[in-house]
Amino acid sequence: MTFSALTILIVAFIAAAIAVAGAWAYASANRLDRLHVRSDLSWQALDAALARRAVVVRAIGSAVAYASIESKRLTALADQAERAGRAQREAAENALSGALATLDNTSLPPQLVAELADAEARVLIARRFHNDAVRDTLALRTRRPVRWLHLGGTAPLPTYFEIPERTQPAGLELDEVRTSARVVMLDQHGRVLLMRGHDPDTPEAAFWFTVGGAVETGETLRAAAVREIHEETGRAVPTEALRGPLWRRVAIFPFAGELIRSEELFFAVRTDEFVPQRGGFTEFEQRTITEHRWCTAPEIREIQRKGEPVYPQDLPDLLDEANLAVVRHEEPEVHAIR
């Protein structure tokens, strides 16, 4: 039995079409799996941010006049929100947000007000990242070919989480709102360069942080990162060497007598070990930045164990991710950190 050239061509075409369809289905299934993982992780981050807010609200409830109705109401709403199941969580958190919207912060200790602002900022950014992850997952999951081929398996569809956004609690007056470009500088051993400094108002309380600073008017994030590297270390790094941004952190903190809200975006870059030069420091930085050190994750945890904060707080757990980011070809997806 012989086959005509046309028959062979048709069979080859059908085989090629099946191969292409199979490759597409395999790639789509893998991407969908990664998107589901991303949405699960983003929900865990949002859950942690909401739990932290509940802790701060209970502290505020204790600070309000003892046994007052407002104190009991805040504490009860925080407890209900923290205990609520996933299906009831949105309504419970919205009830808590409504109570916070009417809270008079002027009678509270400034530190508690700052803690609440920081907690709400973390909830805001975590919710946005979660809803972005849900949107991307649903966009692929609801495509007809994906549904017809059941590429999503039995995984439940992720859901959005909607609560009112308040970037700043009532009664809190910020002295500065800024965007910062920060850089995780890694040496050939995977260690990160950290600076040690202190608030000029509390020189006895030292803390550690990565290279970086505020983005200037008209400056891009990458340009700011490169400038900060040169100013704080004397090292010249091309913008194309930066990977990221990989992380996003929102923090509200007092410094030099001012209350600052900073949205920080982190890049990573690989370099060889070197001794940072202080020639680019301002006079203020010369006084407040006292030391530098190349650190491994265990060394960072030891610094934290001894009582000196390291920012970002999650840096020991994130160091492997940063080291992977500098060797991968694809750009990383930004996610929220503490």
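The values are calculated or read from the model by the stated rules, or taken from the named source; none is laboratory data. What you see is a predicted model; the values in this text were computed from it and never measured. Cβ atoms come from the backbone with ideal geometry, glycine included; neighbour counts cover every protein chain shown. Areas reflect the complete protein model, heavy atoms only, side chains present, ligands, DNA and RNA absent. Shrake-Rupley method; radii C 1.70, N 1.55, O 1.52, S 1.80 Å.
Just give me the residues in the range 251-289 being in contact (Cβ under 8 Å) with a residue 40 or more places away in the chain, β-branched (Val, Ile, Thr) and either closer than 22 Å to ARG227 by Cβ or not in a strand (DSSP E or B) (or both), in sequence order.
Passing the criteria: ILE260, VAL269, THR271, THR288, ILE289.
If you check every pair at least six apart or on different chains, which have Cβ atoms under 6 Å apart with a residue in the range 52-65 that is more than 12 Å from VAL113 (Cβ to Cβ) first and a residue that is at pLDDT 80 or above and open to solvent by 60 Å² or more (accessible area, probe 1.4 Å) second?
If the second residue must be at pLDDT 80 or above and open to solvent by 60 Å² or more (accessible area, probe 1.4 Å), the pairs left are ALA54/GLU82.
So, in the range 147-164, of the ones that are modelled with pLDDT of 80 or more and open to solvent by less than 60 Å² (accessible area, probe 1.4 Å), which residue ends up nearest to GLY85 (Cα to Cα)?
If we take residues in the range 147-164 being modelled with pLDDT of 80 or more and open to solvent by less than 60 Å² (accessible area, probe 1.4 Å), then PHE161 is nearest to GLY85 (Cα to Cα).
Could you tell me whether ILE337 is farther than 20 Å from ALA224 by Cα and either among the aliphatic types (A, V, I, L, M) or within 15 Å of the chain's Cα centre (by Cα) (or both)?
yes
So which of ALA133, ALA139, ALA92 ends up being in a helix (DSSP H, G or I), closer than 19 Å to VAL250 by Cβ, of a type in the set (Gly, Ala, Ser) and under 25 Å from the mean Cα position of the chain (by Cα)?
So the residue among ALA133, ALA139, ALA92 that is in a helix (DSSP H, G or I), closer than 19 Å to VAL250 by Cβ, of a type in the set (Gly, Ala, Ser) and under 25 Å from the mean Cα position of the chain (by Cα) is ALA133.
Within the range 241-250, is even one residue over 23 Å from GLU219 (Cβ atoms) and open to solvent by 40 Å² or more (accessible area, probe 1.4 Å)? Let's see the steps before the verdict.
Residues of the range 241-250 that are over 23 Å from GLU219 (Cβ atoms), as a first pass: none.
There is no residue in the range 241-250 that is over 23 Å from GLU219 (Cβ atoms) and open to solvent by 40 Å² or more (accessible area, probe 1.4 Å).
Hey, among VAL123, VAL134, which residue is aliphatic (A, V, I, L, M) and touching a Leu at 6+ places or on another chain (Cβ under 8 Å)?
Only one candidate qualifies: VAL123.
Sort through GLU302, GLU333, GLU321 and tell me the only one that's open to solvent by 50 Å² or more (accessible area, probe 1.4 Å) and either hydroxyl-bearing (Ser, Thr, Tyr) or over 27 Å from ILE252 (Cβ atoms) (or both).
When all the criteria are applied, what remains is GLU302.
Return a yes/no flag: does the range 271-292 have any residue that is open to solvent by 40 Å² or more (accessible area, probe 1.4 Å), in contact with a strand residue (DSSP E or B) (Cβ under 6 Å, 6 or more places away or on another chain) and either basic (Lys, Arg) or in the same structural domain as GLU120 (by the TED database) (or both).
For the range 271-292, residues open to solvent by 40 Å² or more (accessible area, probe 1.4 Å), in contact with a strand residue (DSSP E or B) (Cβ under 6 Å, 6 or more places away or on another chain) and either basic (Lys, Arg) or in the same structural domain as GLU120 (by the TED database) (or both): absent.
Matching residues to (1) assigned by the TED database to the domain that holds LEU124; (2) open to solvent by 70 Å² or more (accessible area, probe 1.4 Å); (3) hydrophobic (A, V, I, L, M, F, W, C):
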site: ALA19; (1), (2), (3): yes, no, yes
site: ALA23; (1), (2), (3): yes, no, yes
site: ASN30; (1), (2), (3): yes, no, no
site: ARG38; (1), (2), (3): yes, no, no
site: VAL55; (1), (2), (3): yes, yes, yes
site: ARG58; (1), (2), (3): yes, no, no
site: ALA63; (1), (2), (3): yes, no, yes
site: LYS72; (1), (2), (3): yes, yes, no
site: ALA76; (1), (2), (3): yes, no, yes
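Out of all the residues in the range 177-211, which are open to solvent by 40 Å² or more (accessible area, probe 1.4 Å) and among the β-branched types (Val, Ile, Thr)?
Scanning the range 177-211 gives VAL177, THR179, THR202.
I'd like the residue in the range 216-230 that is open to solvent by 60 Å² or more (accessible area, probe 1.4 Å) and not in a loop (DSSP other than H, G, I, E, B) and, out of all such residues, is farthest from ARG178 (Cα to Cα). Outline the logic, then answer.
We begin by selecting, within the range 216-230, every residue open to solvent by 60 Å² or more (accessible area, probe 1.4 Å); these are 216-218, 220, 222, 230.
Then keep just the ones that are not in a loop (DSSP other than H, G, I, E, B); that gives 222, 230.
On the way: ARG222: 16, HIS230: 20 Å.
Ranking the qualifying residues of the range 216-230, first place goes to HIS230.
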